[in-house]
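Please read the structure below before turning to the comments.
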Amino acid sequence: MKNYDLIIIGAGASGLFAAGHASSKGLKVLLIEKMNRVGIKLSITGKGRCNICNTASQDEFYKHVGKNYRFLKYTFSKFYNNELLEYFANIGIKTVVERGGRVFPESQKATDVVNSLKKNILKNKGEISYLNPVKNFILKDGEIVGIEAKLGKYYGENFLLCTGGKSYPLTGSTGDGYIFAKTLGHKIIPPIPALNAIEIEGNLPKKLQGLSLKNVSISVWINNKKKKDYFGEMIFTHFGISGPIVLTISKEFSHEIYSKENMYFLLDLKPALDDKTLDKRLLREFESSGKKKVKSILKSLLPSKMINVVLAEIGLDAEKPGNQINSSERKSLKKWLKGIKLSLKSARPISEAIITSGGISLKDVVSTQMKSKLYDNLFFAGEILDLDADTGGYNLQIAFSTAFVAVESILENKKSN
């Protein structure tokens, strides 16, 4: 019967990284995965391109994490984006930096990242066990000594839980790790969807389905009080709204959205123009248009797919000549352009979320070691922890960095013993 230095449960981003790093340092490593291959979720990140990390400074990074950012300060002092990129270069992954400091593999293929991480494990004689879901931990005299899985029992000195969250369950992220951790006495912050599309009341989104908008602003309102403005890109879907700024909103207001608070959003199609300036522009457009139909005039202001929808919403005849538009009609149009009301219906299912918010309570984890406060040989890394961030490479950086610190802690413990 083999006795491993480290048994890692879950072959996602953090598990793959940890297994490669640990095995390269001479540890006898077993990586257990319940799916038929490793890195399934990692292979679809960044729309299949894999946004590895971000070149942002640590101070800038923390703005994208939220309330739990302090937990990462020690971790990032030991292993941050420069160290990560050097690590990837050493295992054969060349990278490029794109808009917003987002880092991708030069090949633009997430599968290349997965394959390189896997090759690094095997090169260093790490073992990978597939189609082998873990059932439970084996305890002896109150200490973890092994795990029981579908294909048998495995014993080791240290255990690293990297099972991810509950999003994209078809990739293997079904929340198993939460059950293991809770069974062992750890507190679990209930996981909810984060970085997710938002369902909107009414049929307006369906009418505009597929329409992508750039340089727009969305303001968040709760109980008729404005909370925050967001600027950037979004897209209408058959059920509501999605896109970069919507995903950011869904993360920052995940609890409010999930609990279906009295929330709505105001979409400003012309954020660069204040009311007065926009009104002057509309007046100028209509007065100079002569008998030109209003639906044609609006082509200079709106995407063609939106024009008839806008006119129907405000009750303005699409065939009406521009020089016959009165001030009341112009005012209605201006109001719509500056504030399309989109009332929250609900969050999309957690299974569709890019990541989940919640997980193992950070109060149960030693931040300088990623070690459980309840068991000296149990460690955590990645999305299973109550850490989540915006899109842009931030979440994968957390996964890789927490995995690094966990392995370094295990190596240090092994030296001292």
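When you scan the range 314-326, how many residues do you find that are surrounded by 15 or more Cβ atoms within 10 Å (Cβ to Cβ) and either at positive phi or out of contact with any helix residue (DSSP H, G or I) (no Cβ under 6 Å at 6 or more places or on another chain) (or both)?
Total meeting the criteria: 1.
What single numbered condition from (1) more than 19 Å from the chain's Cα centre (by Cα); (2) in a helix (DSSP H, G or I) fails to hold for Leu170?
Of the numbered conditions (1) more than 19 Å from the chain's Cα centre (by Cα); (2) in a helix (DSSP H, G or I), the odd one out for Leu170 is (1).
Within the range 259-275, identify whether any single residue is at pLDDT below 95, over 26 Å from Phe231 (Cα atoms) and small (Gly, Ala, Ser), and answer yes or no.
So far as the range 259-275 goes, no, none of its residues is at pLDDT below 95, over 26 Å from Phe231 (Cα atoms) and small (Gly, Ala, Ser).
Does the range 277-332 hold any residues that are farther than 19 Å from Leu267 by Cα, of a type in the set (A, V, I, L, M, F, W, C) and outside any helix (DSSP H, G or I), and which are they?
Once the filter is applied, which keeps residues that are farther than 19 Å from Leu267 by Cα, of a type in the set (A, V, I, L, M, F, W, C) and outside any helix (DSSP H, G or I), the range 277-332 yields Leu316, Ala318, Ile325.
Val97 - would you say it is among the β-branched types (Val, Ile, Thr), surrounded by fewer than 18 Cβ atoms within 10 Å (Cβ to Cβ), more than 30 Å from His255 (Cβ to Cβ) and out of contact with any Asp or Glu (no Cβ under 8 Å at 6 or more places or on another chain)? Before the answer, list the steps.
Details: among the β-branched types (Val, Ile, Thr): yes; surrounded by fewer than 18 Cβ atoms within 10 Å (Cβ to Cβ): yes; more than 30 Å from His255 (Cβ to Cβ): yes; out of contact with any Asp or Glu (no Cβ under 8 Å at 6 or more places or on another chain): yes.
Answer is yes for this residue.
I'd like the full set of residues that are crowded, with 24+ Cβ neighbours inside 10 Å and touching a Ser or Thr at 6+ places or on another chain (Cβ under 9 Å), limited to the range 387-403.
Of everything in the range 387-403, those that are crowded, with 24+ Cβ neighbours inside 10 Å and touching a Ser or Thr at 6+ places or on another chain (Cβ under 9 Å) turn out to be Leu387, Asp388, Gly393, Asn395, Leu396, Ile398, Ala399, Phe400, Ser401, Thr402, Ala403.
If Leu282 satisfies every condition in (1) assigned by TED's automatic domain parsing to the domain that holds Leu302; (2) surrounded by fewer than 19 Cβ atoms within 10 Å (Cβ to Cβ) but one, which is the exception?
In the conditions (1) assigned by TED's automatic domain parsing to the domain that holds Leu302; (2) surrounded by fewer than 19 Cβ atoms within 10 Å (Cβ to Cβ), Leu282 misses (2) alone.
Can you tell me which residue in the range 359-378 is nearest to Tyr155 (Cα to Cα), limited to those that are in contact with a Ser or Thr (Cβ under 7 Å, 6 or more places away or on another chain) and of a type in the set (A, V, I, L, M, F, W, C)?
Of everything passing the filter in the range 359-378, Leu378 is nearest to Tyr155 (Cα to Cα).
Go through (1) out of contact with any Leu (no Cβ under 9 Å at 6 or more places or on another chain); (2) surrounded by fewer than 20 Cβ atoms within 10 Å (Cβ to Cβ) for Ile249 and report which single condition fails.
Answer for Ile249: the failing condition is (2).
The values are calculated or read from the model by the stated rules, or taken from the named source; none is laboratory data. Predicted, not measured: the structure shown is a model, and the values here were computed from it. All Cβ positions, glycine included, derive from the backbone under ideal geometry; neighbour counts span all protein chains shown.
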